[in-house]
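Here's the structure, in structure tokens; my notes come after.
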Amino acid sequence: MRTTQIKLAAALLCAIAANDVLAQAAKPAAKPAAAAAPAAKPSTGFLPPAASNANVIDSVYVIVNDEVITNREVDRRINEYTQRARAANMQLPAPDDLRRQAVEAMISERAQLQLAKEMGVRVSDTELDRAIGRIAESQKMSVQELRNQAEKEGMSYAAFREQIRNEIMMSRLTDHEVDSKIQVSEAEIDTYLAAEKAAAADRVEMDIAQIMVRIPENASPEQIAARKARADEVARQLRTGADFAKMAATYSDAPDALKGGAIGWRDPASLPTPISNELRKLKPGQSTQVIRANFGFLILKLNDVRKQAAAEQAQGPAAVTQTHARHIMLKVTPTLTEADARKRLAEYKAKIDSKQATMEDLARQFSQDSSAAKGGDMGWLEPEDTVPELTAAMDALQPGQVSDVVKSPFGLHIVQVIERKTQDTAKDRERTAARQVLTERKRGEALEDWARQVRDRAYVEFREDK
């Protein structure tokens, strides 16, 4: 397992949203607000900035607000990108361009992390330990094996822990700054579902890639013209046979630049209409002309098209069994062994079975879960709403029965089924899925716009002695 795989597991675990530029509406850019602090002067020509002298490995390379990024950190990031590209058999850009892309990504990350700290976002050691435990589990490793692997690949365990802590902090920051502010109306859902049903017969998925030339915040007309010229030159080179992935890694300002601009398989219906319309004009292997978006200029490549599976298109009735349940959960800690927790829960079950106490009262007194205040009430649950261990335990019970002790990733439990019902949730699920698509569509635009503002408002100084 490579370090990048570990990072991917962390990202999936923390629901870190991918900076999906294609979910942004392709519309004329509104005039952005002025930056709060001076930023590094943007590139105004097609040629990328020259590389620095990489012989000095631990001097200051760039200052971001009140923190520094050193040459050693940059070299480590470049090495990660290089290993990833080689593993994917992807062409790398020239060393100068690779270094520039890596540094820009690090500046954006550092600025966001600083904002998270300023806003009081914290991740305790306990939360971090749990996250790392889940990462190890997802990789089918023990925590010690995960640690050994990180150290084998040149990263100290302390550095690995801080990397995961930072990713969790940034995920929480974007949850607060972006996700919580996205609204999808019922009317938007109705419109989306009507369009979906009309297009269901011809539903396809597209494997796409992108090159994005960003317009900096508060850009002058001259800067916008220069960025347009840069995008036009990229498009010209693509028309003459240049490799798209290499061009993306060299010139794209998108977070996925060093993955060759790869976005992956997407339903065109989930993309802004102007973008999906341009993609529908292409045959596999072709690229669009330059598309103006509110954040800059886009060039998209259609790698492949495939028909969506019939099962994915089907929206037939879906009768779902829902279970109303309570539980009592105990966590294994240095002061409470698993054996002791099992013994206590067995005693609670015996009291409930013999009518000496109720599940509700015991949960309020002893459960170490957020549901304790509600007497352990977990509400109405569908099979995918909880972990498989608890679902299996509930499925084996009749209403009123209490399970034996169950072990889950969260701790040890006893579960009581209160009642069950079967409900046709097809319409609810259809609207929920539509809301998720529309939210993700808006999220891409909002996230990219927010990240651009954070980056452009940061004070950035490249050192002359780098």
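Residues of the stretch 162-200 with amide nitrogen under 20 Å from the 7 Å Cα-to-Cβ point of Arg122?
Only 162-177 pass the distance filter.
Across the stretch 331-374, how large is the tail of the calculated P(r) beyond 17 Å, expressed as a percent of all Cα pairs?
37
What does the accessible area per residue of the stretch 177-251 come to in Å², with a 1.4 Å probe and no ligands, DNA or RNA counted?
Values: 3440 Å² over 75 residues.
Averaged over the residues of the stretch 177-251, the accessible area is 46 Å².
Across the Cα atoms of the stretch 77-157, what radius of gyration and what greatest pairwise Cα-Cα distance (Dmax) are found, in Å?
16.3, 43
Roll a 1.4 Å probe over the protein heavy atoms and report the accessible area of Thr174 in Å², nearest 10.
10
Which of the aspartates and glutamates could a cross-linker bridge to Lys355, judged by Cα under 15 Å and excluding same-chain residues fewer than eight apart?
Of all the aspartates and glutamates, those that pass the test against Lys355 - Cα under 15 Å, at least 8 places apart if same chain - are Glu347.
Around Ala94, with a cut-off of 10 angstrom between Cβ atoms, what is the net charge of the other residues, counting Lys and Arg +1 and Asp and Glu -1?
Net local charge, Ala94 excluded: +1.
What is the Cα convex hull volume of the stretch 111-185 when expressed per residue in Å³?
Hull volume over Cα atoms, normalised by residue count, gives 122 Å³.
What's the extension gain from Thr335 to Glu188 if we count 0.36 nm per residue and subtract their Cα-Cα distance? Don't skip to the answer; put the middle values down first.
On the way: separation 147, 0.36 × 147 = 52.92 nm, distance 5.23 nm.
That works out to 47.7 nm of additional length.
Using label points projected 7 Å from each Cα along Cα→Cβ, tell me how many nm separate Thr240 and Gln436, to one decimal.
Calculated label separation equals 4.6 nm.
May I ask you to derive the FRET efficiency for Lys421 and Gln365 from their Cβ-Cβ distance with R0 = 35 Å, giving the value to the nearest 0.05?
0.75
Which value, in Å², gives the accessible area per residue of the stretch 358-466 when a 1.4 Å probe is used on the protein heavy atoms?
Numbers: 5690 Å² over 109 residues.
Ligands and nucleic acids excluded, the result is 52 Å² per residue.
The values are calculated or read from the model by the stated rules, or taken from the named source; none is laboratory data. Predicted model, so just to flag it, every value in this text is computed and none were measured. We place every Cβ from the backbone using ideal geometry, glycine too, and count neighbours over all the protein chains shown. Just the protein is used for accessible areas: all its heavy atoms, side chains included, with ligands, DNA and RNA removed. Shrake-Rupley method; radii C 1.70, N 1.55, O 1.52, S 1.80 Å.
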